[in-house]
1. Taking the options T195, T178, name whichever one is crowded, with 20+ Cβ neighbours inside 10 Å and modelled with pLDDT under 95.
2. Take residues that are closer than 23 Å to Y114 by Cα and tell me which of the helices (runs of 4 or more DSSP H) falling wholly in the stretch 1-73 contain 1 or more.
3. How many of the residues in the stretch 116-126 are free of Cβ contacts under 8 Å to residues at least 60 places away in the same chain and closer than 17 Å to Y19 by Cα?
4. Among the residues of the stretch 35-45, how many are within 22 Å of Y111 (Cβ to Cβ) and crowded, with 17+ Cβ neighbours inside 10 Å?
5. Just for the stretch 414-425: of the residues that are of a type outside the set (A, V, I, L, M) and open to solvent by 20 Å² or more (accessible area, probe 1.4 Å), which one is farthest from I209 (Cα to Cα)?
6. Looking at the structure I just gave you, is G82 outside any helix (DSSP H, G or I), among the small types (G, A, S) and without any contact (Cβ under 8 Å) to a residue 12 or more places away in the chain?
7. Does F314 satisfy the condition of being among the aromatic types (F, W, Y), surrounded by 14 or more Cβ atoms within 10 Å (Cβ to Cβ) and either out of contact with any strand residue (DSSP E or B) (no Cβ under 7 Å at 6 or more places or on another chain) or at pLDDT below 90 (or both)?
8. If you check K127 against the conditions, is it surrounded by 13 or more Cβ atoms within 10 Å (Cβ to Cβ), of a type in the set (K, R) and outside any strand (DSSP E or B)?
Amino acid sequence: ASCMLLYDPLPVESHIDHYLHDHFNSEIVTKTISSMQDAVDYITWTLFYRRLSKNPNYYNLQGTSNVHLSEHISEMVETVLGDLEASKCCQLNDDGDVSPLNLGMIAAYYYVQYETIELIAASLTAKTKVRGILEILSHASEFGTLPIRQGEEKALRILARTLPSKLPDSAQFSDPRTKALVLLNCHFSRKPLSTDLRTDQKRVLCDSINLIPAIVDVISSNGWLKPALAAMELSQMVVQGLWNKDNVLMQIPHFTREIVGRCEAYQGEEPIESVFDILTLDDDIRNDLLRLPDDKMADVAVFCNNYPNVDVSFEVQDSDEITASDPVQIAVKLERDIDDEDDEEDDVNESDLGKVAAPLFPKEKREGWWIVVGDTATNTLLSLKRVNLQRSQKVMLEFMAPDEAGDHTLTLYVISDAYLGADMEFEVPLSLLPPSSSDEEGSSTE
(Lines give C-alpha, C1' and ligand atoms only; values in the text may rest on other atoms or scores of the structure.)
Protein backbone atom coordinates (compact mmCIF):
# COMPACT_ATOMS: atom_id res chain seq x y z
CA ALA A 1 0.00 0.00 0.00
CA SER A 2 2.86 2.39 0.83
CA CYS A 3 4.34 1.71 -2.61
CA MET A 4 1.06 2.76 -4.20
CA LEU A 5 1.20 6.05 -2.32
CA LEU A 6 4.73 6.62 -3.53
CA TYR A 7 4.32 5.68 -7.18
CA ASP A 8 0.69 6.48 -8.02
CA PRO A 9 0.01 10.15 -8.60
CA LEU A 10 -2.58 11.71 -6.30
CA PRO A 11 -5.75 12.69 -8.14
CA VAL A 12 -6.17 16.40 -8.74
CA GLU A 13 -9.56 17.51 -7.48
CA SER A 14 -11.56 20.43 -8.88
CA HIS A 15 -12.34 23.53 -6.81
CA ILE A 16 -14.46 25.28 -9.42
CA ASP A 17 -17.53 24.78 -7.22
CA HIS A 18 -16.04 27.41 -4.84
CA TYR A 19 -15.58 29.97 -7.63
CA LEU A 20 -18.53 29.20 -9.86
CA HIS A 21 -20.37 32.50 -9.33
CA ASP A 22 -17.72 34.61 -11.08
CA HIS A 23 -17.26 32.05 -13.89
CA PHE A 24 -21.00 31.95 -14.53
CA ASN A 25 -21.30 35.72 -14.37
CA SER A 26 -18.67 36.28 -17.08
CA GLU A 27 -20.20 33.54 -19.26
CA ILE A 28 -23.66 35.15 -18.87
CA VAL A 29 -22.21 38.51 -19.93
CA THR A 30 -20.59 36.97 -23.03
CA LYS A 31 -23.91 35.14 -23.75
CA THR A 32 -22.26 31.68 -23.52
CA ILE A 33 -24.80 30.95 -20.78
CA SER A 34 -28.28 32.24 -21.59
CA SER A 35 -30.41 29.63 -19.80
CA MET A 36 -30.34 27.19 -16.87
CA GLN A 37 -29.68 24.37 -19.36
CA ASP A 38 -26.62 26.20 -20.77
CA ALA A 39 -25.24 26.47 -17.22
CA VAL A 40 -25.72 22.72 -16.65
CA ASP A 41 -24.05 21.98 -20.02
CA TYR A 42 -21.14 24.30 -19.07
CA ILE A 43 -20.47 22.20 -15.96
CA THR A 44 -20.46 18.93 -17.92
CA TRP A 45 -17.37 20.17 -19.79
CA THR A 46 -15.31 20.66 -16.61
CA LEU A 47 -12.88 18.53 -14.61
CA PHE A 48 -15.35 18.99 -11.74
CA TYR A 49 -17.95 16.90 -13.63
CA ARG A 50 -15.38 14.17 -14.38
CA ARG A 51 -14.35 13.95 -10.72
CA LEU A 52 -17.88 14.02 -9.22
CA SER A 53 -18.61 10.34 -9.76
CA LYS A 54 -15.01 9.27 -9.08
CA ASN A 55 -14.80 10.86 -5.61
CA PRO A 56 -18.41 11.54 -4.51
CA ASN A 57 -17.61 12.03 -0.79
CA TYR A 58 -15.20 14.86 -1.55
CA TYR A 59 -17.99 16.80 -3.28
CA ASN A 60 -20.77 15.91 -0.77
CA LEU A 61 -22.59 13.76 -3.31
CA GLN A 62 -25.25 11.37 -1.93
CA GLY A 63 -24.81 8.70 -4.63
CA THR A 64 -23.17 8.12 -8.02
CA SER A 65 -26.19 7.27 -10.19
CA ASN A 66 -27.09 9.57 -13.10
CA VAL A 67 -30.10 10.83 -11.13
CA HIS A 68 -27.89 11.81 -8.17
CA LEU A 69 -25.43 13.53 -10.48
CA SER A 70 -28.00 15.55 -12.41
CA GLU A 71 -29.86 16.55 -9.21
CA HIS A 72 -26.62 17.69 -7.59
CA ILE A 73 -25.64 19.77 -10.63
CA SER A 74 -29.13 21.25 -11.11
CA GLU A 75 -29.27 22.25 -7.45
CA MET A 76 -25.84 23.83 -7.68
CA VAL A 77 -26.75 25.79 -10.83
CA GLU A 78 -29.99 27.02 -9.25
CA THR A 79 -28.16 28.17 -6.11
CA VAL A 80 -25.41 29.99 -8.04
CA LEU A 81 -27.80 31.69 -10.46
CA GLY A 82 -30.11 32.55 -7.54
CA ASP A 83 -27.18 34.24 -5.74
CA LEU A 84 -26.23 36.17 -8.89
CA GLU A 85 -29.83 37.28 -9.34
CA ALA A 86 -30.09 38.36 -5.67
CA SER A 87 -26.94 40.47 -6.13
CA LYS A 88 -28.51 42.10 -9.25
CA CYS A 89 -25.80 40.72 -11.56
CA CYS A 90 -28.22 38.80 -13.76
CA GLN A 91 -31.92 38.32 -14.37
CA LEU A 92 -33.81 35.00 -14.50
CA ASN A 93 -37.23 34.58 -16.03
CA ASP A 94 -39.82 31.82 -15.47
CA ASP A 95 -38.66 29.88 -18.54
CA GLY A 96 -35.16 29.54 -17.08
CA ASP A 97 -33.63 32.14 -19.41
CA VAL A 98 -30.74 34.18 -17.99
CA SER A 99 -29.68 37.69 -19.07
CA PRO A 100 -26.89 39.94 -17.74
CA LEU A 101 -27.57 43.12 -15.76
CA ASN A 102 -25.43 46.25 -15.42
CA LEU A 103 -23.65 45.18 -12.19
CA GLY A 104 -22.79 41.80 -13.71
CA MET A 105 -21.29 43.50 -16.76
CA ILE A 106 -19.14 45.80 -14.58
CA ALA A 107 -17.94 42.80 -12.52
CA ALA A 108 -17.03 40.81 -15.65
CA TYR A 109 -15.33 43.76 -17.38
CA TYR A 110 -12.99 44.51 -14.46
CA TYR A 111 -12.62 40.89 -13.25
CA VAL A 112 -14.16 41.88 -9.92
CA GLN A 113 -15.84 39.28 -7.67
CA TYR A 114 -19.63 39.42 -7.75
CA GLU A 115 -19.81 39.83 -3.95
CA THR A 116 -17.59 42.91 -4.18
CA ILE A 117 -19.85 44.54 -6.80
CA GLU A 118 -22.91 43.70 -4.67
CA LEU A 119 -21.26 45.30 -1.62
CA ILE A 120 -20.20 48.41 -3.58
CA ALA A 121 -23.72 48.90 -4.97
CA ALA A 122 -25.32 48.41 -1.55
CA SER A 123 -22.91 50.71 0.34
CA LEU A 124 -22.71 53.78 -1.91
CA THR A 125 -25.03 56.76 -1.54
CA ALA A 126 -25.34 60.11 -3.33
CA LYS A 127 -23.38 61.69 -0.43
CA THR A 128 -20.44 59.25 -0.11
CA LYS A 129 -17.12 61.08 0.28
CA VAL A 130 -13.51 59.94 -0.25
CA ARG A 131 -13.23 58.36 3.20
CA GLY A 132 -16.47 56.41 2.68
CA ILE A 133 -15.26 55.12 -0.69
CA LEU A 134 -11.93 54.13 0.90
CA GLU A 135 -13.80 52.02 3.50
CA ILE A 136 -15.99 50.41 0.81
CA LEU A 137 -12.85 49.65 -1.23
CA SER A 138 -11.10 48.01 1.72
CA HIS A 139 -14.12 45.72 2.27
CA ALA A 140 -13.77 44.15 -1.20
CA SER A 141 -13.84 40.33 -1.15
CA GLU A 142 -10.51 40.43 -3.02
CA PHE A 143 -8.81 41.43 0.25
CA GLY A 144 -10.47 38.64 2.28
CA THR A 145 -7.48 36.35 1.65
CA LEU A 146 -4.79 38.76 2.92
CA PRO A 147 -2.74 36.83 5.48
CA ILE A 148 -2.71 37.97 9.12
CA ARG A 149 0.62 36.66 10.42
CA GLN A 150 1.54 36.00 14.02
CA GLY A 151 2.06 39.27 15.89
CA GLU A 152 0.68 41.37 13.04
CA GLU A 153 -2.49 42.41 14.84
CA LYS A 154 -0.35 44.29 17.36
CA ALA A 155 1.74 45.90 14.59
CA LEU A 156 -1.41 47.00 12.74
CA ARG A 157 -2.92 48.42 15.93
CA ILE A 158 0.24 50.50 16.56
CA LEU A 159 0.26 51.71 12.93
CA ALA A 160 -3.43 52.65 13.12
CA ARG A 161 -2.77 54.93 16.12
CA THR A 162 -0.33 57.03 14.11
CA LEU A 163 -2.64 57.56 11.12
CA PRO A 164 -4.28 60.96 10.48
CA SER A 165 -7.79 59.48 10.13
CA LYS A 166 -9.49 57.28 12.71
CA LEU A 167 -10.56 53.78 11.68
CA PRO A 168 -14.28 52.92 11.86
CA ASP A 169 -15.47 51.65 15.27
CA SER A 170 -16.27 48.24 13.76
CA ALA A 171 -12.62 47.66 12.74
CA GLN A 172 -11.18 44.34 13.98
CA PHE A 173 -7.42 43.94 13.63
CA SER A 174 -7.80 40.21 13.00
CA ASP A 175 -9.87 41.02 9.88
CA PRO A 176 -7.95 41.11 6.56
CA ARG A 177 -10.19 43.97 5.39
CA THR A 178 -9.10 46.15 8.31
CA LYS A 179 -5.53 45.28 7.37
CA ALA A 180 -6.21 46.46 3.77
CA LEU A 181 -7.60 49.75 5.13
CA VAL A 182 -4.57 50.30 7.42
CA LEU A 183 -2.13 49.52 4.58
CA LEU A 184 -3.89 51.96 2.23
CA ASN A 185 -3.80 54.65 4.93
CA CYS A 186 -0.07 53.97 5.50
CA HIS A 187 0.51 54.35 1.74
CA PHE A 188 -1.16 57.78 1.68
CA SER A 189 0.80 58.86 4.76
CA ARG A 190 4.02 57.33 3.35
CA LYS A 191 4.73 55.35 6.52
CA PRO A 192 7.67 52.89 6.51
CA LEU A 193 6.55 49.24 6.83
CA SER A 194 8.14 45.86 7.52
CA THR A 195 9.04 43.68 4.52
CA ASP A 196 6.00 41.40 4.93
CA LEU A 197 3.57 44.29 5.27
CA ARG A 198 5.14 46.05 2.29
CA THR A 199 4.56 42.92 0.16
CA ASP A 200 0.91 42.83 1.27
CA GLN A 201 0.59 46.57 0.61
CA LYS A 202 1.79 46.10 -2.99
CA ARG A 203 -0.93 43.53 -3.54
CA VAL A 204 -3.58 45.83 -2.04
CA LEU A 205 -2.47 48.73 -4.28
CA CYS A 206 -2.50 46.62 -7.47
CA ASP A 207 -5.99 45.29 -6.65
CA SER A 208 -7.25 48.76 -5.68
CA ILE A 209 -6.31 50.37 -8.99
CA ASN A 210 -8.49 47.74 -10.70
CA LEU A 211 -11.39 48.03 -8.22
CA ILE A 212 -11.70 51.85 -8.26
CA PRO A 213 -12.81 52.12 -11.93
CA ALA A 214 -15.49 49.50 -11.13
CA ILE A 215 -16.63 51.69 -8.20
CA VAL A 216 -16.73 54.72 -10.54
CA ASP A 217 -18.90 52.76 -13.02
CA VAL A 218 -21.35 51.68 -10.30
CA ILE A 219 -21.64 55.31 -9.10
CA SER A 220 -22.02 56.50 -12.69
CA SER A 221 -24.92 54.09 -13.32
CA ASN A 222 -26.66 55.72 -10.33
CA GLY A 223 -26.02 59.16 -11.87
CA TRP A 224 -24.25 60.65 -8.81
CA LEU A 225 -21.62 63.30 -9.52
CA LYS A 226 -19.80 64.05 -6.23
CA PRO A 227 -19.14 60.42 -5.21
CA ALA A 228 -17.81 59.71 -8.73
CA LEU A 229 -15.36 62.62 -8.45
CA ALA A 230 -14.38 61.40 -4.97
CA ALA A 231 -13.62 57.88 -6.29
CA MET A 232 -11.50 59.39 -9.08
CA GLU A 233 -9.58 61.37 -6.47
CA LEU A 234 -8.98 58.13 -4.55
CA SER A 235 -7.44 56.62 -7.71
CA GLN A 236 -4.91 59.50 -7.82
CA MET A 237 -4.14 58.99 -4.11
CA VAL A 238 -3.47 55.26 -4.64
CA VAL A 239 -1.10 55.88 -7.58
CA GLN A 240 0.86 58.75 -5.99
CA GLY A 241 0.78 57.67 -2.34
CA LEU A 242 -0.62 60.95 -1.00
CA TRP A 243 -3.74 62.27 0.71
CA ASN A 244 -5.99 64.42 -1.48
CA LYS A 245 -5.33 67.42 0.83
CA ASP A 246 -1.53 67.14 0.46
CA ASN A 247 0.35 69.71 -1.63
CA VAL A 248 0.53 68.45 -5.25
CA LEU A 249 4.30 69.18 -5.24
CA MET A 250 4.74 66.20 -2.89
CA GLN A 251 4.25 63.92 -5.95
CA ILE A 252 7.64 65.03 -7.30
CA PRO A 253 10.41 62.52 -6.44
CA HIS A 254 12.68 63.47 -3.48
CA PHE A 255 10.39 66.37 -2.46
CA THR A 256 10.09 66.58 1.32
CA ARG A 257 7.85 68.69 3.55
CA GLU A 258 10.83 71.08 4.00
CA ILE A 259 11.27 71.61 0.24
CA VAL A 260 7.52 72.13 -0.21
CA GLY A 261 7.59 74.57 2.73
CA ARG A 262 10.34 76.60 1.00
CA CYS A 263 8.34 76.60 -2.26
CA GLU A 264 5.20 77.80 -0.43
CA ALA A 265 7.17 80.58 1.30
CA TYR A 266 8.83 81.70 -1.96
CA GLN A 267 8.08 85.39 -2.66
CA GLY A 268 8.50 85.55 -6.44
CA GLU A 269 6.38 87.21 -9.11
CA GLU A 270 4.20 84.08 -9.28
CA PRO A 271 3.51 81.67 -6.39
CA ILE A 272 4.69 78.05 -6.86
CA GLU A 273 1.47 76.05 -6.88
CA SER A 274 1.81 73.40 -9.57
CA VAL A 275 4.37 71.01 -11.02
CA PHE A 276 4.70 73.30 -14.08
CA ASP A 277 5.75 76.21 -11.84
CA ILE A 278 8.88 74.23 -10.86
CA LEU A 279 9.84 73.99 -14.57
CA THR A 280 9.47 77.72 -15.20
CA LEU A 281 11.76 78.82 -12.31
CA ASP A 282 15.25 80.18 -13.07
CA ASP A 283 17.91 77.55 -12.45
CA ASP A 284 19.59 79.36 -9.56
CA ILE A 285 16.27 79.97 -7.76
CA ARG A 286 15.22 76.35 -8.31
CA ASN A 287 18.56 75.07 -6.98
CA ASP A 288 18.24 77.24 -3.89
CA LEU A 289 14.68 76.06 -3.18
CA LEU A 290 15.28 72.35 -3.83
CA ARG A 291 18.91 71.95 -2.62
CA LEU A 292 19.16 68.49 -4.22
CA PRO A 293 22.24 66.78 -5.73
CA ASP A 294 22.42 66.43 -9.53
CA ASP A 295 21.20 62.80 -9.73
CA LYS A 296 18.07 63.65 -7.72
CA MET A 297 17.59 66.84 -9.75
CA ALA A 298 17.53 64.64 -12.86
CA ASP A 299 14.67 62.57 -11.37
CA VAL A 300 12.78 65.81 -10.65
CA ALA A 301 13.28 66.94 -14.27
CA VAL A 302 12.03 63.59 -15.65
CA PHE A 303 8.89 63.72 -13.50
CA CYS A 304 8.10 67.36 -14.33
CA ASN A 305 8.57 66.76 -18.07
CA ASN A 306 6.34 63.65 -17.95
CA TYR A 307 3.61 65.40 -15.96
CA PRO A 308 0.63 65.66 -18.32
CA ASN A 309 0.09 69.00 -20.04
CA VAL A 310 -3.18 68.41 -21.87
CA ASP A 311 -5.20 70.84 -24.01
CA VAL A 312 -8.95 70.24 -23.99
CA SER A 313 -11.40 71.53 -26.59
CA PHE A 314 -15.10 70.70 -26.78
CA GLU A 315 -18.14 71.55 -28.84
CA VAL A 316 -21.83 71.01 -28.19
CA GLN A 317 -23.31 69.57 -31.40
CA ASP A 318 -26.21 71.61 -32.93
CA SER A 319 -26.18 73.83 -29.85
CA ASP A 320 -28.78 76.23 -31.29
CA GLU A 321 -31.38 73.55 -31.87
CA ILE A 322 -31.46 71.54 -28.63
CA THR A 323 -34.89 71.11 -27.10
CA ALA A 324 -35.53 70.35 -23.42
CA SER A 325 -35.40 66.56 -22.74
CA ASP A 326 -33.71 65.95 -26.12
CA PRO A 327 -30.44 64.02 -26.55
CA VAL A 328 -27.33 66.23 -26.37
CA GLN A 329 -23.94 65.37 -27.87
CA ILE A 330 -20.65 66.99 -26.82
CA ALA A 331 -17.52 66.29 -28.89
CA VAL A 332 -14.42 66.48 -26.67
CA LYS A 333 -10.82 66.44 -27.87
CA LEU A 334 -7.79 65.92 -25.61
CA GLU A 335 -4.38 66.80 -27.01
CA ARG A 336 -1.08 66.34 -25.23
CA ASP A 337 1.06 69.46 -25.34
CA ILE A 338 4.55 68.24 -26.31
CA ASP A 339 7.52 70.65 -26.42
CA ASP A 340 8.26 71.75 -29.99
CA GLU A 341 11.98 71.21 -29.30
CA ASP A 342 11.36 67.59 -28.29
CA ASP A 343 9.19 67.02 -31.34
CA GLU A 344 11.81 68.46 -33.71
CA GLU A 345 14.50 66.24 -32.24
CA ASP A 346 12.22 63.26 -32.85
CA ASP A 347 13.21 61.77 -29.52
CA VAL A 348 9.65 61.47 -28.28
CA ASN A 349 9.12 57.75 -27.99
CA GLU A 350 5.41 57.09 -28.71
CA SER A 351 5.32 54.12 -26.32
CA ASP A 352 6.61 56.33 -23.48
CA LEU A 353 3.81 58.87 -23.94
CA GLY A 354 1.24 58.40 -21.22
CA LYS A 355 3.50 56.33 -18.98
CA VAL A 356 2.86 57.46 -15.40
CA ALA A 357 5.74 58.60 -13.20
CA ALA A 358 4.78 57.20 -9.78
CA PRO A 359 7.76 56.11 -7.66
CA LEU A 360 5.52 54.69 -4.89
CA PHE A 361 3.21 52.63 -7.12
CA PRO A 362 4.43 49.01 -7.45
CA LYS A 363 3.83 48.40 -11.16
CA GLU A 364 3.88 50.25 -14.46
CA LYS A 365 0.76 52.31 -15.08
CA ARG A 366 -0.57 54.08 -18.18
CA GLU A 367 -2.40 57.39 -17.90
CA GLY A 368 -6.18 57.12 -17.92
CA TRP A 369 -8.59 60.06 -18.07
CA TRP A 370 -12.21 60.21 -17.04
CA ILE A 371 -14.29 62.68 -19.08
CA VAL A 372 -17.46 63.61 -17.21
CA VAL A 373 -20.41 65.91 -17.83
CA GLY A 374 -22.35 66.78 -14.70
CA ASP A 375 -24.74 69.23 -13.13
CA THR A 376 -23.23 70.47 -9.86
CA ALA A 377 -26.50 72.11 -8.78
CA THR A 378 -28.31 68.76 -8.62
CA ASN A 379 -25.27 66.48 -8.01
CA THR A 380 -26.15 64.65 -11.25
CA LEU A 381 -23.66 62.82 -13.43
CA LEU A 382 -25.01 62.93 -16.99
CA SER A 383 -22.31 61.17 -19.00
CA LEU A 384 -18.94 59.50 -18.41
CA LYS A 385 -16.21 58.01 -20.61
CA ARG A 386 -12.78 56.70 -19.67
CA VAL A 387 -9.95 57.01 -22.20
CA ASN A 388 -6.21 56.38 -22.47
CA LEU A 389 -4.20 59.21 -23.94
CA GLN A 390 -1.00 59.15 -25.97
CA ARG A 391 -0.90 62.16 -28.32
CA SER A 392 -4.58 62.92 -28.83
CA GLN A 393 -7.97 61.41 -28.26
CA LYS A 394 -11.49 62.31 -29.40
CA VAL A 395 -14.60 61.22 -27.59
CA MET A 396 -18.33 61.90 -27.95
CA LEU A 397 -20.41 62.25 -24.78
CA GLU A 398 -24.16 61.74 -25.05
CA PHE A 399 -26.90 62.46 -22.50
CA MET A 400 -30.47 63.73 -22.21
CA ALA A 401 -30.90 67.50 -21.80
CA PRO A 402 -32.59 68.80 -18.62
CA ASP A 403 -36.42 68.89 -18.70
CA GLU A 404 -36.79 72.65 -18.36
CA ALA A 405 -36.30 75.03 -21.30
CA GLY A 406 -34.02 78.06 -20.85
CA ASP A 407 -30.36 78.55 -19.93
CA HIS A 408 -28.44 75.87 -18.04
CA THR A 409 -24.79 75.62 -17.05
CA LEU A 410 -23.31 72.14 -16.95
CA THR A 411 -19.70 71.28 -16.09
CA LEU A 412 -17.24 69.23 -18.15
CA TYR A 413 -14.57 67.54 -16.03
CA VAL A 414 -11.38 65.98 -17.39
CA ILE A 415 -9.91 63.98 -14.52
CA SER A 416 -6.65 62.04 -14.34
CA ASP A 417 -6.63 58.60 -12.71
CA ALA A 418 -2.96 58.93 -11.76
CA TYR A 419 -1.86 62.51 -10.97
CA LEU A 420 -3.01 65.01 -8.36
CA GLY A 421 -3.52 68.57 -9.58
CA ALA A 422 -3.85 67.67 -13.28
CA ASP A 423 -7.67 67.81 -13.40
CA MET A 424 -9.54 70.38 -15.46
CA GLU A 425 -13.10 71.64 -15.47
CA PHE A 426 -15.01 73.80 -17.94
CA GLU A 427 -18.43 75.40 -17.96
CA VAL A 428 -20.76 74.13 -20.68
CA PRO A 429 -23.59 76.63 -21.30
CA LEU A 430 -26.76 75.16 -22.80
CA SER A 431 -29.74 77.15 -24.11
CA LEU A 432 -32.69 74.80 -24.41
CA LEU A 433 -35.72 75.49 -26.58
CA PRO A 434 -39.17 74.62 -25.26
CA PRO A 435 -40.63 71.47 -26.87
CA SER A 436 -42.66 72.51 -29.93
CA SER A 437 -46.43 72.09 -29.61
CA SER A 438 -46.45 69.54 -32.45
CA ASP A 439 -44.00 67.38 -30.41
CA GLU A 440 -46.24 67.55 -27.40
CA GLU A 441 -49.35 66.73 -29.40
CA GLY A 442 -47.54 63.84 -31.04
CA SER A 443 -46.46 62.45 -27.68
CA SER A 444 -49.92 62.86 -26.15
CA THR A 445 -51.62 61.00 -29.00
CA GLU A 446 -49.18 58.05 -28.79
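1. After applying the criteria, what remains is T178.
2. Working: elements: 2-7, 20-29, 36-44, 47-54.
Where helices (runs of 4 or more DSSP H) fall fully within the stretch 1-73 and carry at least 1 residues being closer than 23 Å to Y114 by Cα, they are 20-29, 36-44, 47-54.
3. Number satisfying all stated conditions: 1.
4. Initial filter on the stretch 35-45 (within 22 Å of Y111 (Cβ to Cβ)): 38-39, 42-43, 45.
Okay, now just the ones that are also crowded, with 17+ Cβ neighbours inside 10 Å, so 38-39, 42-43.
Summing the residues that are within 22 Å of Y111 (Cβ to Cβ) and crowded, with 17+ Cβ neighbours inside 10 Å in the stretch 35-45 gives 4.
5. My answer is E425.
6. Values: outside any helix (DSSP H, G or I): no; among the small types (G, A, S): yes; without any contact (Cβ under 8 Å) to a residue 12 or more places away in the chain: yes.
The answer is no for G82.
7. In short, no.
8. No: the conditions fail for K127.
The values are calculated or read from the model by the stated rules, or taken from the named source; none is laboratory data. Given the structure is predicted, the values throughout are model-derived calculations rather than measurements. We place every Cβ from the backbone using ideal geometry, glycine too, and count neighbours over all the protein chains shown. SASA here: full protein model, heavy atoms, side chains in, ligands and nucleic acids out. Shrake-Rupley method; radii C 1.70, N 1.55, O 1.52, S 1.80 Å.
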